[in-house]
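Each remark here refers to the structure printed beneath this line.
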Amino acid sequence: MVISPIPTFRYPISISSEEIDAMGHVNNAVYLHWVQEAVVNYWRRNSPAEAQSEFLWVALKHEITYRIPLFFGDDVEALVTATGARGSRATFMTEFKRGSQLAADVRSVWGCVDAVTRRPRRISDDIAASFFE
């Protein structure tokens, strides 16, 4: 059986003046904050309410490729796609776009943990089905 991700989640990004560094563009560290916001909002939008109260996500790894700088006033959108799930881990691709231009892409690995015990929790088939067809 071929598993396909559900359509990409689109998340608008507003660039604040505090996110601009001495070089006049968005500071590289800001992208990690944006990835967190976008992936968590993707989870909230697609997962059942009961799962949201039972599970939390922790970032395990991010690989960022910066392509073009972003500036204050740019219209930016994060596009998040689930790319895999196995055991207690899920992978996501987040692309940051200014119009049709790809500003950066981030490959992320996230760990699912129990909201009470904070211990790793296997991603069940029904939860994975919230992100894959």
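No value in this document is a laboratory result; all are computed from the given coordinates. In this text the structure is predicted, and so the values were computed from the model without any measurement. Quick reminder, even Gly has a Cβ in these numbers, built from the backbone with ideal geometry, and neighbours come from all protein chains shown.
Annotations
- Among (1) more than 16 Å from the chain's Cα centre (by Cα); (2) over 25 Å from Ala115 (Cα atoms) - the single one Ser88 does not satisfy: (2)
- Comparison of Thr91, Thr117, Thr83, Thr65 shows that the only residue that is out of contact with any strand residue (DSSP E or B) (no Cβ under 8 Å at 6 or more places or on another chain) and surrounded by fewer than 18 Cβ atoms within 10 Å (Cβ to Cβ) is Thr117.
- Filtered residue count, region 29-61, keeping only those that are among the hydrophobic types (A, V, I, L, M, F, W, C) and touching a Ser or Thr at 6+ places or on another chain (Cβ under 7 Å): 4
- Residue among Val109, Val40, Val76 that is more than 12 Å from the chain's Cα centre (by Cα) and either in contact (Cβ under 8 Å) with a residue 60 or more places away in the chain or surrounded by 15 or more Cβ atoms within 10 Å (Cβ to Cβ) (or both): Val76
- For region 43-73, filtered to residues that are among the small types (Gly, Ala, Ser) and more than 12 Å from the chain's Cα centre (by Cα), the residue that is nearest to Phe132 (Cα to Cα) is Ser47.
- In region 48-58, the residue that is nearest to Tyr11 (Cα to Cα) out of those that are touching a strand residue (DSSP E or B) at 6+ places or on another chain (Cβ under 8 Å), surrounded by 14 or more Cβ atoms within 10 Å (Cβ to Cβ) and not charged (D, E, K, R) is Trp57.
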